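Reading through the structure tokens given below for one structure.
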Amino acid sequence: MADTKPRKSVAFEDSTTIVDSDGQVTESAGMNGDKASAESHAPGDDKEVDEVSDMFAGLAKKKKKKVKTEGEEGEDVLSGLKKKKKSKKPKEGAADDFEAQLAAKVGDEKEEADAEEEIEGDMMKGTGIWQHENTSPVPYNMLLNRFFTLLHSQHPDLMSSGSKSYKIPPPQCLREGNKKTIFANISEICKRMKRTDEHVTQFLFAELGTSGSVDGSRRLVIKGRFQQKQIENVLRRYIVEYVTCKTCRSPDSELDKGENRLYFVTCNSCGSRRSVTAIKTGFSAQVGKRRRQQK
Amino acid sequence: MTTDTIQNLKSFDPFAEAEDSVGDVKTTSQNYIHIRIQQRNGRKTLTTVQGLPKKFDQKKILKVIKKKFACNGTVVTDTEMGEVIQLQGDQRKDVQEFLTDKKEGLGLDAKTIKVHGF
């Protein structure tokens, strides 16, 4: 189950698909679901970022496909099944989120339990087929279900280590007036990434080719109009470049200034250390009428 | 093995790079080609292409690009970055394809191109 799942290296939190027991897919208001403007805007040309966003695209596609299968039961169903869905029950399919899958499984379990109470029994209470003295063979599916349910309930941290998905809260973007964007939760995100606000700010400004300031409540005010998705893209690139360890892909790392003014990222889980490039602003064209005072 | 052959054991000369870079600024920045985007007023944007190899004539490239992508543009000479191509609108994807295209474009290595922006 875990093998078939694509490995997300960077995920934003509230993009969960909840698959109900009756096979209904409810998509929470995640911004990964609908890829409209920012995707068309963003070329996403860094290889790794591309990789990451490809996964997101895949995610989105899968979601859409699944929704479709419910509506029109045509060829789409078959093709979708063959391509995407590996599990025995096509209804719940290959949900990317393990939680969702599990929830669906458990839901199914309950459904079935209603129907065939005698055979299944309650795995937690140890009745029916799960009875200690019971000699009838337990189907592999059910064993697997029990394993994952137990693992999930008793060792949640073990579960998460299997499929790494690094979650940071989604950036909150507000518009200030017409020409400025407020990035409200930058300090929260920075805390999660264990990076200084200044470094992230510098990167954002360099990438977006703009400038800005920090307001009274430590929010970042960026000049120019930016959507949440665009900020998210840049943040994703930041994470790939400055947060994740290239060797073990763990996001648990620290950025520090080494000798001779270079920045180094030290991984906390595997101990590797690599240098990262300093943030360079590069050429920025003069926009607007008045030339900025040059020294 | 002598100590000279091991890179790490060489004493660090902080000024070694500085003297090289005086003559030619472009060699220092690893010869990356940066494609950037800047917001202008409204929905307008500006694409800048910085660090194209010296062997290409920027003006000729600009001429081709302008025709191909149907946009206007100029070559700006910056004191630090050298010659930079400025294009109107978001041409990042187009420019990248053009630079890597072997048949009709410049046929550059995609790894040397860095696209910035959202």
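The values are calculated or read from the model by the stated rules, or taken from the named source; none is laboratory data. Worth saying up front: this structure is predicted, and the values here are computed from it rather than measured. With ideal geometry, Cβ positions are generated from the backbone for all residues, glycine too; neighbour counts draw on all protein chains shown. Side chains are part of the model used for accessible areas, which takes the heavy atoms of the whole protein and leaves out ligands, DNA and RNA. Shrake-Rupley method; radii C 1.70, N 1.55, O 1.52, S 1.80 Å.
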Within the range B:101-118, track down each residue that is among the small types (Gly, Ala, Ser) and more than 9 Å from every other protein chain (Cβ to nearest Cβ).
B:GLY105, B:GLY107
Considering every residue within the range B:69-84, establish whether at least one is facing chain A (nearest Cβ under 8 Å) and part of a loop (DSSP other than H, G, I, E, B).
yes
Quickly run through the range A:208-228 and pick out the residues that are surrounded by 22 or more Cβ atoms within 10 Å (Cβ to Cβ) and in contact with a helix residue (DSSP H, G or I) (Cβ under 6 Å, 6 or more places away or on another chain).
A:LEU220
Hey, B:PHE98 under 26 Å from A:ASN233 (Cβ atoms), open to solvent by less than 40 Å² (accessible area, probe 1.4 Å), more than 8 Å from chain A (Cβ to nearest Cβ) and of a type outside the set (Lys, Arg) or not:
yes
Is it true that some residue in the range B:96-109 is out of contact with any Asp or Glu (no Cβ under 8 Å at 6 or more places or on another chain), among the small types (Gly, Ala, Ser), over 24 Å from A:GLN286 (Cβ atoms) and at pLDDT below 90?
no
For a quick check of your reading of the model, give me the residue pairs whose first member lies in the range B:92-118 and is at positive phi, whose second is in a loop (DSSP other than H, G, I, E, B) and surrounded by fewer than 19 Cβ atoms within 10 Å (Cβ to Cβ), with beta-carbon atoms closer than 9 Å and at least 6 apart or on different chains.
B:GLY107/B:ASP101
If you take just the strands (runs of 3 or more DSSP E) that sit entirely in the range A:200-261, which of them hold at least 1 residues that are within 11 Å of chain B (Cβ to nearest Cβ) and in contact with a His (Cβ under 6 Å, 6 or more places away or on another chain)?
none
Given the options A:VAL265, A:VAL276, name the one that is closer than 24 Å to B:ILE35 by Cα, at pLDDT 85 or above and under 25 Å from the mean Cα position of the chain (by Cα).
A:VAL276
In the list A:LYS194, A:LYS167, which residue meets the criterion of being surrounded by fewer than 17 Cβ atoms within 10 Å (Cβ to Cβ), on the phi > 0 side of the Ramachandran plot and in contact with a helix residue (DSSP H, G or I) (Cβ under 9 Å, 6 or more places away or on another chain)?
A:LYS194
